[in-house]
Amino acid sequence: MATVNTYLTFNGNCLEAFLFYKSVFGGEFPYVGKFNEMPPQEGVQAMSEEDGEKIMHISLPISKETSLMGSDTGVNGLQDLSKVIIFQFQ
């Protein structure tokens, strides 16, 4: 059976959007990671406190075959990757 994993990017409101999706589809977030949880990297500029609170990755399974995943962009020089959708068939 095919699986569909949709990856959505947001401009700072990823958590708000995923809380809404959770209210619609139910379920739980198996993982919620923020940018401030990453270890410091040599040669990479420190991010602001505001950027550190943005979502690096979040996932919400909405069925056996489908998961919604997402993140915020615009953190520490990340490119705007708005409306990226990734389909994975297995």
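The values are calculated or read from the model by the stated rules, or taken from the named source; none is laboratory data. A quick note: this is a predicted structure, and the numbers were derived from the prediction, not measured. Positions of Cβ are generated from backbone atoms using ideal geometry, with glycine treated the same way; all protein chains shown enter the neighbour counts.
Every residue, every condition in (1) polar (S, T, N, Q); (2) in contact with a Pro (Cβ under 7 Å, 6 or more places away or on another chain); (3) modelled with pLDDT under 95, yes or no:
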residue	(1), (2), (3)
F18	no, no, no
V44	no, no, yes
L60	no, no, no
N76	yes, no, yes
Considering only region 63-74, how many residues are more than 13 Å from the chain's Cα centre (by Cα) and either part of a loop (DSSP other than H, G, I, E, B) or modelled with pLDDT under 90 (or both)?
3
Name the residues in region 36-62 that are in contact (Cβ under 8 Å) with a residue 12 or more places away in the chain, part of a loop (DSSP other than H, G, I, E, B) and either under 19 Å from T6 (Cα atoms) or not acidic (D, E) (or both), would you?
M38, V44, Q45, M47, K54, I62
